[in-house]
There are 2 protein chains.
Amino acid sequence: MTEHKFNDDAAIIAFVRRHTRLFADDAVLKVSEIGDGNINFVYRVAEPGGNSVIVKQALPYVRIIGEGWPLSLDRNRIEAEALVLEAEHAGDWVPQVYHYEQPLAAIIMQDLGDHQNLRYALIARRKLPKMAEHLGLFMARTLFHSSDMYLDAHQKKALVKRFINPDLCKITEDLFFLDPFCDHERNAINPPLQPAVEALWQDERLKVEVAELKYAFLNRAEALLHGDLHSGSVFVTETSTQVIDPEFAYFGPIGFDVGSLIGNLLLNWCGQHQLAGDAAEREAWRDWLLVQLEKLWYHFSREFSRLMQHKTTDLSLQNEHWQQRRMLQIWQDSLGFAGTELIRRTIGLAHVADLDMIDDAALRAQAEVMALHLGRELILERSEISSMEALVDLVCQLGD
Amino acid sequence: MTEHKFNDDAAIIAFVRRHTRLFADDAVLKVSEIGDGNINFVYRVAEPGGNSVIVKQALPYVRIIGEGWPLSLDRNRIEAEALVLEAEHAGDWVPQVYHYEQPLAAIIMQDLGDHQNLRYALIARRKLPKMAEHLGLFMARTLFHSSDMYLDAHQKKALVKRFINPDLCKITEDLFFLDPFCDHERNAINPPLQPAVEALWQDERLKVEVAELKYAFLNRAEALLHGDLHSGSVFVTETSTQVIDPEFAYFGPIGFDVGSLIGNLLLNWCGQHQLAGDAAEREAWRDWLLVQLEKLWYHFSREFSRLMQHKTTDLSLQNEHWQQRRMLQIWQDSLGFAGTELIRRTIGLAHVADLDMIDDAALRAQAEVMALHLGRELILERSEISSMEALVDLVCQLGD
């Protein structure tokens, strides 16, 4: 795979010119590398003061781990194809793909240059009036339309086959469900947290439930998931919400995407307990976050239910009571997967800035203990937490 | 696909000679067609008094339905590959594959000429001392070794991809889960049964549970199933049990295979209530059948539990309590799928001789009502029936 890397900026520009018609022949184009460098190369190709596009090129391994963790370039195809499929039913909330080229493992797509990464917007307490609604609708529409409720049986199975994604799934299987629940070298644990973490490693009840969630992740091919729907995969303005980076896409349990977002809003809620700034402002923000959780679930569940009711094509599944049961299962799965996200982001390999930005290790540990505790509760009590209101009550109790 | 059919016996003999070394050059070989003709051509190629093999060739449609229901020849590849995989861990109970040829959609395999079809052995009340143990072990070993508990995550996903089997799955999706629960033209209903069937079509609670089972069949890629494990797919002698015809193989819920066999033993139990012969002998046979059910579950569950305990490679799933929960889930799924098999074999397209051999329509209806009733109970009460003993009690109550 030595051929896949662009030699220089001129090669990138030539690639973009060859496959898009966004730039005039005499436009002077500039290339800048803008990726965070975790896994891929990401370039912006822009005409100063004019149009611009993003070029995303995959590397054959996980950059933050090194060449010891090889990663199929096929993820780039999966990302491009997932973006195209998502756009069919949720085009308002994904960047447009202009071109995908398999030999180069490169995608040319819409530039979201005026958007901010949602994680940093949340850390900065930037209130986003449309974000929860957009994300709820994005999930409902992408997940429903790739499920057996909507697709015919042959289409669904052909898609399952196209989105078999072992390398990226393996990352989740290990980082979500294995490492944080044992003394694994990949974990990164804030020293004051060590006693709480060791208690977690002894928690047999919790391990049974985590095994159950892992088994669901491994086996339940319900819908084409984004697969990595944390707040770093979302870009926002006041009026626009864009979901990027579906390279982890595969057919899995619907609650995994929903739970990832719930978990990320809750991680910010935990972190804001100790982040810098005025205490009253922080508390007002945390209340706003809980309202966003409610809106997220409201819009997701209302839209998903509406789609089940009106667009289910499988005759056996056109059953109101079964559809209600399905919604309940998605809810409970979402809570469980939110719990694993809270825990793995606190003590696993890949932390989040919402917690890591708290400079003082002892204060950070307070927020982290909250995240661990909340994650454990969500996993263990997911069958008992009967509604979003009950979840918010539970969160408020823990935060006191 | 006009090329795939053999022109004549000489072509079949030449094919066998080319790919096996079982016959001497001067042996005189004879070809006879032995298939029941539902879907495929099946030939025996034999040297009178000497060796013999089976040649199975697929047609591009469902023979009993006609060319209006096309069926991918890929099922022949799936059958050959499933037989080879099953043989890795359960070689005592599957015929040996000598050769598979994709362009001809043909398999050359071991002849089981001295074996009897299990369905007809059961109808004839032929007691088979090893059958339940063999089938229990066959299922435990094939299912465990193709699950995420045993396979590494990459291997498992590669196999899931290889065994995507939309055409054959669609048959099950329709014939098990759709047709029998509505007034579908494919159904075949004994007229005296009509009132009982119409009551079934009004049973909303039942339809919810059937939708749940269908959703599991569509989504839960737990292990490589045989996929069509009724008593017609098993051949027996006193000491040998051979499972054939895995052309429906795909990754699905483990309880589907187990439930198919349970359902088929229960179908014979229902039919024997009215089949010809001495009443006392029939009742003794029915008691023997219930003992076989117990033995089947005993051997399956003991072996599957043993394999989980000793051979689970996934660290997260090496958890005794989770493994117990898994066993319970398999049990409940098995009951549910057994219920759908009882119902679809009674009023759906593909009946079984265990019931259809009862000549008198009114007497047959008595056995059929029993099968419907039992099927419904298994589906609705599968979470309440706590053990095989409880199941046997339930069956005995219904039979009184």
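The values are calculated or read from the model by the stated rules, or taken from the named source; none is laboratory data. Because the structure is predicted, anything quoted here is derived from the model rather than measured. So basically every Cβ, Gly included, is an ideal-geometry build from the backbone, and we count neighbours across all protein chains shown.
Being crowded, with 21+ Cβ neighbours inside 10 Å, within 17 Å of the chain's Cα centre (by Cα) and part of a helix (DSSP H, G or I) is true for just one of A:Leu175, A:Leu83. Which residue is that? Within the list A:Leu175, A:Leu83, the selection yields A:Leu83.
I'd like the full set of residues that are farther than 15 Å from A:Glu377 by Cα, among the hydrophobic types (A, V, I, L, M, F, W, C) and either away from every other protein chain (no Cβ under 11 Å) or buried (at least 19 other Cβ atoms within 10 Å of the Cβ) (or both), limited to the stretch A:182-200.
So the first thing to find is which residues in the stretch A:182-200 are farther than 15 Å from A:Glu377 by Cα, and the list is A:182-195, A:198.
Keeping just the survivors that are among the hydrophobic types (A, V, I, L, M, F, W, C) gives A:182, A:188-189, A:193.
Of everything in the stretch A:182-200, those that are farther than 15 Å from A:Glu377 by Cα, among the hydrophobic types (A, V, I, L, M, F, W, C) and either away from every other protein chain (no Cβ under 11 Å) or buried (at least 19 other Cβ atoms within 10 Å of the Cβ) (or both) turn out to be A:Ala188, A:Ile189, A:Leu193.
Taking residues in the stretch A:313-327 that are over 15 Å from A:Phe144 (Cα atoms), and partners anywhere that are crowded, with 16+ Cβ neighbours inside 10 Å and basic (Lys, Arg), the pairs with Cβ atoms closer than 6 Å and at least 6 places apart or on different chains are A:Ser316/B:Lys214; A:Asn319/B:Lys207.
For the stretch A:252-306, what are the residues that are β-branched (Val, Ile, Thr) and under 13 Å from A:Leu391 (Cβ atoms)? If you could, list the steps in order and put the result at the bottom.
Initially, the stretch A:252-306 is screened for residues β-branched (Val, Ile, Thr), giving A:254, A:258, A:262, A:291.
If the condition is that a residue be β-branched (Val, Ile, Thr) and under 13 Å from A:Leu391 (Cβ atoms), then A:Val258, A:Ile262, A:Val291 are the ones that fit.
Got at least one residue in the stretch A:359-366 being at pLDDT 95 or above and surrounded by 24 or more Cβ atoms within 10 Å (Cβ to Cβ)? No, the stretch A:359-366 has no match at all.
Does B:Phe177 meet the test of being facing chain A (nearest Cβ under 9 Å), closer than 19 Å to B:Ala90 by Cα and touching a residue at least 40 places away in the same chain (Cβ under 8 Å)?
The answer is no for B:Phe177.
Looking only at residues of the stretch B:240-288 that are under 30 Å from B:Leu73 (Cβ atoms) and of a type in the set (D, E, K, R), we find that the one that is surrounded by the fewest Cβ atoms within 10 Å (Cβ to Cβ) is B:Asp245. For B:Phe300, the conditions (1) touching a Gly at 6+ places or on another chain (Cβ under 7 Å); (2) within 14 Å of chain A (Cβ to nearest Cβ); (3) farther than 30 Å from A:Asp179 by Cβ all hold with the exception of (2). Among the conditions (1) modelled with pLDDT of 95 or more; (2) within 18 Å of B:Glu79 (Cβ to Cβ), the only one that B:Asp174 does not satisfy is (2).
Do you know which residues across the stretch A:331-343 are away from chain B (no Cβ under 12 Å) and either more than 22 Å from A:Ala121 (Cβ to Cβ) or surrounded by fewer than 24 Cβ atoms within 10 Å (Cβ to Cβ) (or both)? Once the filter is applied, which keeps residues that are away from chain B (no Cβ under 12 Å) and either more than 22 Å from A:Ala121 (Cβ to Cβ) or surrounded by fewer than 24 Cβ atoms within 10 Å (Cβ to Cβ) (or both), the stretch A:331-343 yields A:Trp331, A:Gln332, A:Asp333, A:Ser334, A:Leu335, A:Gly336, A:Phe337, A:Gly339, A:Ile343. Considering every residue within the stretch B:102-112, establish whether at least one is within 14 Å of chain A (Cβ to nearest Cβ), in contact with a Pro (Cβ under 9 Å, 6 or more places away or on another chain) and modelled with pLDDT of 95 or more. Looking through the stretch B:102-112, none of the residues is within 14 Å of chain A (Cβ to nearest Cβ), in contact with a Pro (Cβ under 9 Å, 6 or more places away or on another chain) and modelled with pLDDT of 95 or more.
Please indicate, with yes or no, whether at least one residue in the stretch B:48-59 is buried (at least 17 other Cβ atoms within 10 Å of the Cβ), more than 30 Å from B:Leu307 (Cα to Cα) and either without any contact (Cβ under 8 Å) to a residue 12 or more places away in the chain or more than 21 Å from the chain's Cα centre (by Cα) (or both). If you could, list the steps in order and put the result at the bottom.
Just the residues of the stretch B:48-59 that are buried (at least 17 other Cβ atoms within 10 Å of the Cβ), to begin with: B:52-59.
Filter again for more than 30 Å from B:Leu307 (Cα to Cα), leaving B:52-59.
Checking which are either without any contact (Cβ under 8 Å) to a residue 12 or more places away in the chain or more than 21 Å from the chain's Cα centre (by Cα) (or both) leaves us with B:52-53.
For the stretch B:48-59, residues buried (at least 17 other Cβ atoms within 10 Å of the Cβ), more than 30 Å from B:Leu307 (Cα to Cα) and either without any contact (Cβ under 8 Å) to a residue 12 or more places away in the chain or more than 21 Å from the chain's Cα centre (by Cα) (or both): present.
Taking the conditions exactly as written (within 9 Å of chain A (Cβ to nearest Cβ), of a type in the set (Lys, Arg), under 19 Å from the mean Cα position of the chain (by Cα) and not in a loop (DSSP other than H, G, I, E, B)), does B:Lys170 satisfy them or not? The answer is yes for B:Lys170.
Would you pick out the residues in the stretch B:358-389 that are in contact with an Asp or Glu (Cβ under 8 Å, 6 or more places away or on another chain) and farther than 14 Å from B:Gly259 by Cα? Those that are in contact with an Asp or Glu (Cβ under 8 Å, 6 or more places away or on another chain) and farther than 14 Å from B:Gly259 by Cα: B:Arg364, B:Leu380, B:Glu389. Pairs are defined by a Cβ separation below 7 Å, a sequence spacing of at least 6 or placement on different chains, a first member in the stretch B:153-166 that is facing chain A (nearest Cβ under 7 Å) and more than 12 Å from B:Gly252 (Cα to Cα), and a second member that is in a loop (DSSP other than H, G, I, E, B) and of a type outside the set (Phe, Trp, Tyr); the pairs so defined are B:Lys157/A:Ile164; B:Lys161/A:Ile164. Please indicate, with yes or no, whether at least one residue in the stretch A:220-238 is farther than 20 Å from A:Arg382 by Cβ, assigned to a strand (DSSP E or B) and of a type in the set (Val, Ile, Thr). Looking through the stretch A:220-238, at least one residue is farther than 20 Å from A:Arg382 by Cβ, assigned to a strand (DSSP E or B) and of a type in the set (Val, Ile, Thr).
Could we say that B:Gln96 is at pLDDT below 95 and more than 27 Å from B:Asp174 (Cα to Cα) here? Talk me through it step by step, then tell me what you get.
Working: at pLDDT below 95: no; more than 27 Å from B:Asp174 (Cα to Cα): yes.
Answer is no for this residue.
Can you find, within the stretch A:367-400, the residue that is surrounded by the fewest Cβ atoms within 10 Å (Cβ to Cβ) among those that are farther than 22 Å from A:Asp287 by Cβ and among the aliphatic types (A, V, I, L, M)? Of everything passing the filter in the stretch A:367-400, A:Leu380 is surrounded by the fewest Cβ atoms within 10 Å (Cβ to Cβ). A:Val291 satisfies every condition listed in (1) in contact with a helix residue (DSSP H, G or I) (Cβ under 7 Å, 6 or more places away or on another chain); (2) in a helix (DSSP H, G or I); (3) under 25 Å from A:Ile379 (Cβ atoms) except (1). Only one of the numbered conditions (1) free of Cβ contacts under 8 Å to residues at least 40 places away in the same chain; (2) over 21 Å from A:Leu218 (Cβ atoms) is not met by B:Arg220, and that is (2). Just so you know, in the stretch B:303-330 the residues that are of a type outside the set (S, T, N, Q) and within 10 Å of another protein chain (Cβ to nearest Cβ) include one that is nearest to B:Phe217 (Cα to Cα), and it is B:Arg326. Which of the residues spanning the stretch A:150-161 are charged (D, E, K, R) and either surrounded by fewer than 19 Cβ atoms within 10 Å (Cβ to Cβ) or not in a helix (DSSP H, G or I) (or both)? The answer is A:Asp152, A:Lys161. Just one of (1) farther than 24 Å from A:Leu290 by Cβ; (2) within 12 Å of chain B (Cβ to nearest Cβ); (3) in contact with a strand residue (DSSP E or B) (Cβ under 6 Å, 6 or more places away or on another chain) fails for A:Ile254. It is (1). Considering the stretch A:111-145, and only residues there that are of a type outside the set (Lys, Arg) and assigned to a loop (DSSP other than H, G, I, E, B), the residue that is surrounded by the fewest Cβ atoms within 10 Å (Cβ to Cβ) turns out to be A:Asp114.
Here the stretch B:342-391 is the region considered, the condition is being free of Cβ contacts under 8 Å to residues at least 60 places away in the same chain and small (Gly, Ala, Ser), and the residue that is farthest from B:Gln329 (Cα to Cα) is B:Ala390.
Is the stretch B:250-257 home to any residue that is of a type in the set (A, V, I, L, M), within 13 Å of the chain's Cα centre (by Cα) and in a strand (DSSP E or B)?
So in the stretch B:250-257, the residues of a type in the set (A, V, I, L, M) come out as B:254.
Checking which are within 13 Å of the chain's Cα centre (by Cα) leaves us with B:254.
Add one more test, that the residue is in a strand (DSSP E or B), and what stays is none.
No, the stretch B:250-257 has no match at all.
Tell me yes or no: at least one residue of the stretch B:301-314 is under 29 Å from B:Lys207 (Cβ atoms), in a helix (DSSP H, G or I) and not acidic (Asp, Glu). No, there is no match, as no residue in the stretch B:301-314 is under 29 Å from B:Lys207 (Cβ atoms), in a helix (DSSP H, G or I) and not acidic (Asp, Glu). In the stretch B:213-234, of all residues being crowded, with 24+ Cβ neighbours inside 10 Å and away from chain A (no Cβ under 14 Å), the one that is nearest to B:Phe163 (Cα to Cα) corresponds to B:His226.
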